[in-house]
Amino acid sequence: MGIDYYTCAKCSDNFPDCSNHAYCEKCENFFCSNDCARLKPIDEEESEDNTNCCLCRKEHVTDYDLLYFLLKHCNLTKEDAINLYKDEK
C-alpha cells in the first residue's frame, strides 16, 4: 500500500491521502482540510447552488476556472490566447 499525494483545489497545498482531508463527490476535487472545502451536506430539497464544496457553490474560483471564463468572455480559444502571448513583444 503506497501513499498518494494530492494538491488542494483551494489553497494549492500538497497533502498525503493518509491525512485528514476532504473530497467533494459533486466536482471530484480534493481539499487539504474541511476548512478549505467548506463542505455542506447535500439536501435534495435545496437548489444545487447551495450544496457541496466552496467550488461548487462558487464561493471560491480557481485560476483554471477564471482563465477559461475569461477566454469564453473574450471569445478566444486557448490557441488564440497562446498566439497572442507569443506575438507579444
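The values are calculated or read from the model by the stated rules, or taken from the named source; none is laboratory data. On a predicted model such as this, the values are computed, not experimentally measured, just so you know. Cβ sites come from the backbone with ideal geometry, for glycine too, and all protein chains shown count toward neighbours.
Things worth noting here:
- Number of positions in the range 1-29 that are of a type in the set (A, V, I, L, M) and touching a Pro at 6+ places or on another chain (Cβ under 8 Å): 1
- Members of the range 1-23 found to be among the β-branched types (Val, Ile, Thr) and more than 15 Å from the chain's Cα centre (by Cα), listed by number: ILE3
- Restricting attention to the range 38-75, the residues being modelled with pLDDT under 95, surrounded by fewer than 11 Cβ atoms within 10 Å (Cβ to Cβ) and not in a helix (DSSP H, G or I) number 7.
- Scanning the range 9-29 for residues that are within 11 Å of LEU55 (Cβ to Cβ) and either in contact with a Phe, Trp or Tyr (Cβ under 8 Å, 6 or more places away or on another chain) or among the acidic types (Asp, Glu) (or both) yields ALA9, LYS10, CYS24, GLU28, ASN29.
- Filtering the range 16-38 to residues that are in contact with a strand residue (DSSP E or B) (Cβ under 7 Å, 6 or more places away or on another chain) and polar (S, T, N, Q) leaves SER33, ASN34.
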